[in-house]
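Notes to accompany the following structure.
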Amino acid sequence: MAAAVDYWGSPASPSSTGGWSSALFIIGVEMAERFAYYGITSNLITYLTGPLRESTAAGAANENAWSGAASSLALVGAFLADSWLGRYRTVLYSSALAFFGLGMLTLSATLPSLKPPECTTIKGEIVSCPSPSTFQVAFFFFSLYLIALAHGGHKPCTQALGADQFDTRNPAESASRSSFFNYWYFGVCTGTITAQLVLSYIQDNYGWALGFGIPFVAVGVSLVAFFVGRKTYRYLPVATESPFVRIFQVWGESAKKKWRRLTSRFDDARETLLPDKTNQLGYVENTTPHEISSQSNSKMSEEEVKSLARLFPLWSTCVVYAMVFAQPPTLFTKQGSTMERHIGPRFQIPAAALQSCISITTIIFLPIYDSFLVPFIQKLTGRPSGLTMLQRIGTGMLLSVLSTVLAALVEMRRLMVARDSGLVDRPDVTVPMSIWWLAPQNIIFGISDAFATVGLQEFFYDQVPDCLRSLGVALYLCIFGIGRFSSGFLISIIDGVTGGKEEGWFANNLNKAHIDYFFWLLAGLGFASFMVYLRFAKSYVYKIKMR
């Protein structure tokens, strides 16, 4: 691991830089970013199917596409951080870009020339709902994807920068870093819950201008706070040679070697006549020390590339888990919007607010896991962490399948209640079934999240070469990006095959739709993916850590 430096470029002092004081600064800025991100994504489908007049399938697909882009663009952020800017500057510039994008998004819901036209009502009944202009839609989506670009730079680097504040060569700090990932996610969930409970209510009851404006202010405040704490952070120097360039070079060299081996089969006779010019160390004789060093560096680079390649089988099996992860802000929310949501005679729970059950469960469960389950499992396994990282991920994947099965069963009951109440052709009337029926699937998914998501974060940070830590976090995020894209693509395909917005699985009238079929499909895919994951996890060999 490269030696960390302080803000002025001198060797970092353990007493005055890094540790929990710096990590809490960074957790704070991430909480604000999560507050802003979930303030948008948690209720985005309501805006897309409301003011922007999109169908259920189109709204879900667009929400998945945006969230998928935000996660997948983490590769761009990782490249900039590890090759050029460094993590601190990438986070700083990304936060500034997010501030600008949120400002534009607020304007899109405020200014009459940018705001979609409202529906015309007479005596409480909707008479007409004009569609927004092409320019209004384009301005909204441009603002939205500007925020996605900022998220792509912010997300992989903030977590890696926070973990960099702990030196794994120091036993005490190494233990603290393991806890950091739990408390990091605890902070993330706190920002998420606040957005899902507070912002979704504001958006539903006080308008989208205020609902988008509050995250705009929050990101601005966090940007200032993050900049103020810059002198307390530890910084890992950016490599003089881009690690990404080195990876491509090694791939090129590997391809050349394979080509040479292929062509040599046609010249075996000539090869047998050549003298063996390699010594016992594996280097060609009569080479200079510089050439020997080059061969050693090439071998080291090959090992780094191989360590990345070993991650991809596990990475690919987690994509279905990410597809399940895409459902709470889309189809779970649409489920809730049709159900009875009142608490008392006046207060109505926003449909998006029930997603907070996931984050609340995670917040409650993580300290329990860290304080009680880990010591208990330590006694059984003898491992300091209790479960291995891959065991933790697998447990979360299996629980996500259970959550999806519950979602399918609840949706089957909701459809039955709608039929029994004569509401199949009345989508404007609330189905007499409490929204709290959706709580168990969200709670189990929250426990799943505490196992799988935190495990994935630590695994992909820990198992990549030290110079590629931002890339490791980006690979973790790309699981959710590809999962979102896959979910949106699958919804679009199924919607076209099953009859579209009038009669298909994702009909605009959810009382005629069959999203329960989609949940059963996801449960089956999730279980199959888990079985494949087990096969790869059993054969995986963890990286040996250098002390």
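Take the Cβ-Cβ distance between residue 528 and residue 489 as r, set R0 to 22 Å, and report the resulting FRET efficiency rounded to the nearest 0.05.
Computed FRET efficiency for residue 528 and residue 489 comes out at 0.75.
With a 1.4 Å probe and every protein chain kept in, tell me what percent of the accessible surface of the chain is carbon plus sulfur.
Of the solvent-accessible surface of the chain, carbon and sulfur hold 65 percent.
State whether the stretch 407-486 is rounded, prolate or oblate according to the following rule on the C-alpha gyration tensor (a ≥ b ≥ c being the square roots of its eigenvalues): a/c under 1.5 gives rounded; otherwise a/b larger than b/c gives prolate, and the remaining case gives oblate.
In terms of gyration-tensor shape, prolate.
Might you tell me the accessible area per residue for the chain, computed with a 1.4 Å probe and given in Å²?
In whole numbers, the chain has 45 Å² accessible per residue.
From the square roots a ≥ b ≥ c of the eigenvalues of the alpha-carbon gyration tensor of the stretch 447-489, which class results: rounded (a/c under 1.5), prolate (a/b over b/c), or oblate?
It comes out oblate by the Cα gyration axes.
Testing the spin-label approximation: label points 7 Å from Cα along Cα→Cβ at residue 230 and residue 542. State their distance in nm.
3.8
Rounded, prolate or oblate for the stretch 66-137? Axes are the square roots of the Cα gyration tensor eigenvalues, ordered a ≥ b ≥ c, and the cut-off for rounded is a/c under 1.5.
In terms of gyration-tensor shape, prolate.
What Cys residues in the chain are without a partner cysteine, judged by a Cβ distance under 4.7 Å?
157, 189, 318, 357, 467, 478
Over the chain, what is the percentage of antiparallel beta bridges among all DSSP beta bridges, to the nearest 5?
If I count the DSSP bridges inside the chain, around 80 percent turn out antiparallel.
Mind checking the angle between helix 134-163 and the chain's longest principal axis? C-alpha axes, 0 to 90 degrees, to the nearest 10.
40
Can you tell me the alpha carbon radius of gyration of the stretch 1-158 divided by the globular rule-of-thumb value 2.2 N^0.38 Å?
Relative to the 2.2 N^0.38 Å estimate, the stretch 1-158 comes out at 1.34.
Give or take rounding to whole Å, what are the principal axis extents of the alpha carbon atoms in the stretch 165-215, in descending order?
The Cα atoms of the stretch 165-215 stretch 51, 15, 7 Å along their principal axes.
Taking every pair of Cα atoms in the chain, average 1/r, invert it to obtain the Kirkwood radius, and report Rg/Rh to two decimals.
The Rg/Rh ratio comes out at 1.02.
Using only the C-alpha atoms of the stretch 423-547, find the volume of their convex hull and express it per residue in Å³.
Hull volume over Cα atoms, normalised by residue count, gives 139 Å³.
Between helix 439-462 and the chain, what is the angle of the helix's C-alpha long axis to the longest principal axis, kept within 0 to 90° and rounded to the nearest 10?
20
Compute the angle between helix 243-264 and the longest alpha-carbon principal axis of the chain, please, reported from 0 to 90 degrees and rounded to the nearest 10.
Long axis of 243-264 versus the principal axis of the chain: about 60 degrees.
Subtract the Cα-Cα distance of residue 121 and residue 13 from 0.36 nm times their separation in residues, and report this length gain in nm to one decimal.
Between residue 121 and residue 13, full extension yields an extra 32.3 nm.
Would you tally the net charge around residue 364, using a Cβ to Cβ cut-off of less than 13 Å, leaving residue 364 out, and scoring K and R as +1, D and E as -1?
-2
The values are calculated or read from the model by the stated rules, or taken from the named source; none is laboratory data. In this text the structure is predicted, and so the values were computed from the model without any measurement. Virtual Cβ from ideal backbone geometry, glycine too; neighbours counted across all protein chains shown. The protein model used for the area step is the full one, side chains on, heavy atoms only, and it has no ligands, DNA or RNA in it. Shrake-Rupley method; radii C 1.70, N 1.55, O 1.52, S 1.80 Å.
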